[in-house]
Structures are given as C-alpha cells and as structure tokens.
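Heads up: the structure comes next, in structure tokens.
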Amino acid sequence: MRRIITPLLILIFSFFIFSVTSVSAKVITDEKGSVNVGKTEVVNDDLFIGAQNVEIAGTVNGDVFIGAQTVKISGIINGNLHVGANTIDLRGTVKGNVYAGAQSISVGSSTIGGSLLVGAATVNIDKDSSIGGSILAGAGAITIDSQVKRSVYAGTGSLTIGSDARIGKDLYYSSGQEQANISSSAKIAGTIYKSEVAKAQSNILRPQKLTPVAINTAKVFTTLFSFIGALIVGFLYLKLFGKHFTQTANIVTKSFWKGLGVGFLVTIALIPGLIILLITAVGIPLAGLAFLIFLLYSYLAKIIVGLAFGDWVSKKFKLKVSVFWSFALGLFIIDILKFIPRVGFLITLVVLWTGLGALTLRMFSKSN
C-alpha cells in the first residue's frame, strides 16, 4: 500500500508546488539538466530543487530540499538540508540539521550546526568536519573521523572510528563485524554501547539468531525514513495549505471522538461503496477518484494528528515552538509510541481513523 501512496503523494504535491504561482519558497526544476547556485548568489527563502545535477556554492537563508542524481554543497545553508540523491558531496556549512539518503555520502571539510541523519550504502565523514549535534546513520559502511559534539548512533555492516574522531557523548552501534574498528586515538567522552548478538552454536543456527536483530534494525530505519518523508510532506502541506492544515488539526483537538468514529465508518464503508460504484459504468471514474482520495487521506492522517498532538504537548509543557516544530514533535512521539509491544498497532489504528475522520469532516465543513 505504501508503494502506491508514495508516488501518488509525489505526483499530487509536485502538481501543486510547480503550478502554484505564488508560494513562500523558490522552486527550481530541470530534470535533465543541472542547477547551479553560484558563489555570489543569495537565496533569501526556502529552496526546492529537482534536477539531474545540483551544486550550491552560494548562500541560502532558509531550508533546502533537493532531489537529484548528484548533489554538491560547498556554500552556506542557514537552515536545514533535506536531500535524496545517488551521490552527495557535502563540503559547505549547514546551520541546521542534515537529512540525507543516497548511495554514497561524503562529508568533507564541512560544518553542520545540528544533527546528521543519513541512510546510504557508504558514509564517510572526514577529520576536517564537525557535527554540532548527533549522528544517526544506517549504512553498509560508515567511517567517522570528525568531531561530533553529542552522540553517535550507527547501524552498519562495517564501522570505522578514525584516530581524529572526537565524540562528545556516547557511541551506540550495531555492526556486522565481530568488532568495529575503533582507533585507540579516538576520544569518546561517554560510553561505547554495542548491540550484542549471542554467538550461535553452529553456522546453521547463526542466521536464525541474527534474523530478529535484522528485522528490528530494518524496522527502526524504515520508521526513520518514514518520519523524514512525513516531515517533508508536512512542511509542504504547511507552506501551501497552512490554513487547511491547522483547521483540520483543530478538529482532532476539539472533536477527537467524533473524528475517530467518522474515520472508522469511512474505513469500513470503503469497500462496499467502491463495489457499488464499480457495478455501474458511470460510477467507475468516481470509484477510482474515491480510492485515490482515501489513499491520500490515509497518509495525511498521521500528519494531521501529529500537529494536533504536538500542539497539545507544547501547550501542556508550555513549550514556545512554531507550528512546524509542534508538528515535528507530535509526529516523533507517535512514531516512538508505535514501537510499544501490543499497543503500537492500536495506536496506528487510532491515528489513522482520527486523522481520516478529521479530514472527512473538514471536507464537508463550511470553512474556507
């Protein structure tokens, strides 16, 4: 189902992003060519780029979102960097967090003010780089030889901590090797935690021992990338349709039980309704449209509930944060709660039905 939802969301949001004439962001697309932000160029807004090759040597005073084959950053980004590519070469400055997914990621002579969250085949962070927050990485091979002010969380087949590495807090890792290559010259202020796997009695039993660990690791990183994807979609939703986003989240807050009930009814009525539409030739297009809307709303449900829940938490603990960060907080807590045994599935259903119900109620409300 997620394989259908993801391209559908990309299609729908791409349509709105590239067709709306006035949005609070700069959008550049050149699918078969290159996009280059020169050294003297300054972008005073959020920047969205879709191209074959992307190079940013100038300054961007906002968040950057990139989808490309190759990406090279040598300039300054005074916000967060979100990038998906085949190869990423980061040699500039990012004041916020970096969220990256690629085949190969190289961080050299770079300064990252926040945290680095990456998923790749290979990740290489050299000694001339510094990370102001933590590193959360999932990769086939990871090499860290830089300064990291907080902790490192790594799930990898091969981990190398170089002699120039300086980790301000703890190192958590799960490696396919018997022992990771951690230089004796590396300085780790906290504790080293390794995910232990009991040794098998024989080579035949070893795969059976490793299977649960592999499944749990895959689940963690799948959730991580799902979280990052939802953050991006939520950001676009807020930028383009902020009023609709906040009003729908308010429905969750003010009419939780009503939204939950409506969402449940919509779910159980979907299949019978589609069957009724499909038995008539006239109803076939309507059935297709209804199914697409259901898929879209099912994905947006968690995003809507994330904002409502994050706003509630912010008010409860008197946190002064923006709408986006309230949404990010709520979304993060929801994803964490899903890991609770036996309760996680129930939470997923409640979030789905509540968000779906709120979106349905908003569709038929008189609010503009």
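The values are calculated or read from the model by the stated rules, or taken from the named source; none is laboratory data. Note that this is a predicted model, so its numbers are computed, not measured. When we count neighbours, we look across all protein chains shown, and the Cβ atoms used for this are built from the backbone with ideal geometry, even at glycine.
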Residues of the stretch 73-117 being at positive phi and of a type in the set (Lys, Arg), in sequence order, are none
Would the stretch 143-155 turn up any residue that is crowded, with 16+ Cβ neighbours inside 10 Å, closer than 19 Å to Asp126 by Cα, among the aromatic types (Phe, Trp, Tyr) and at pLDDT below 90?
yes
Within the stretch 54-112, of all residues that are of a type in the set (A, V, I, L, M) and surrounded by fewer than 19 Cβ atoms within 10 Å (Cβ to Cβ), the one nearest to the chain's Cα centre (by Cα) is Ile76
When restricted to Ala328, Ala287, the only residue hydrophobic (A, V, I, L, M, F, W, C), touching a Leu at 6+ places or on another chain (Cβ under 7 Å) and in contact (Cβ under 8 Å) with a residue 24 or more places away in the chain is Ala328
Of (1) in contact with a Phe, Trp or Tyr (Cβ under 9 Å, 6 or more places away or on another chain); (2) under 15 Å from Ala180 (Cβ atoms), Ser163 satisfies every one except (1)
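Can you find a residue in the stretch 19-33 that is of a type in the set (Ser, Thr, Tyr), touching a Phe, Trp or Tyr at 6+ places or on another chain (Cβ under 8 Å) and at pLDDT below 95? Lay out the reasoning, then the answer.
Pass one, the stretch 19-33, residues of a type in the set (Ser, Thr, Tyr): 19, 21-22, 24, 29.
Filter once more, keeping what is touching a Phe, Trp or Tyr at 6+ places or on another chain (Cβ under 8 Å): 29.
In the following step, the residues that additionally are at pLDDT below 95 were identified as 29.
Yes, some residue in the stretch 19-33 is of a type in the set (Ser, Thr, Tyr), touching a Phe, Trp or Tyr at 6+ places or on another chain (Cβ under 8 Å) and at pLDDT below 95.
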